[in-house]
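Just so it is clear, none of the values below were taken in a lab; they were calculated from the coordinates. What you see is a predicted model; the values in this text were computed from it and never measured. No Cβ is skipped: glycine too gets one built from the backbone with ideal geometry, and neighbour counts run over all protein chains shown.
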Amino acid sequence: MSSRSARLPAALAGIALAATLTGCAGTDADATAASSSPSSPSSSSATSPAPSSSAPASASAAGQRIEVTVTGGGVSGDTGRVPVAAGEQVTLVVTSDTADEVHVHGYDLGVPLTPGQPGEITFAATIPGVFEVELHESHTVLLSLQVG
């Protein structure tokens, strides 16, 4: 029993940290400081339309690309719980038929969405845990990012 009771404070601290990290009070300044993109100085920026792909979330030498489309309130593409290796470069590409903001909980990253134009967020997945990615204004959950 002493082994179990010795682990309890560490487990409680982990739960408290996870609860703190999944808050929704990030700013775009935090997003820029916390992430990087090899192709642009700002990692959380809307981009011009990219070729669409029906392939699931994919890992490559450049990292993992996760694509989601929101139409009429319905979410399609790389949804559900998407696993990502710790330290992996992640690019989230979200296209919506309505204006909103994509928000990555825990990392406090966001990018505004213009209807019909993909918004893109690129960051290093350095915080382990499970984090919701949502449309901020409509509170539509797009996926859960499982980093570990």
(request) Sum up the charges of everything whose Cβ sits under 11 Å from the Cβ of Pro115, counting Lys and Arg as +1 and Asp and Glu as -1, but leave Pro115 out. (result) -2
(request) Kindly write out, for region 66-79 in residue order, the coupling ³J(HN,Hα) from the Karplus curve 6.51 cos²θ - 1.76 cosθ + 1.60 (θ = phi - 60°), rounded to whole Hz, with x marking Gly and Pro. (result) 10, 10, 9, 10, 10, 9, x, x, x, 10, 9, x, 7, 10
(request) Excluding Val70 itself, calculate the net charge of residues whose Cβ lies under 9 Å from the Cβ of Val70, where each Lys or Arg counts +1 and each Asp or Glu counts -1. (result) -2
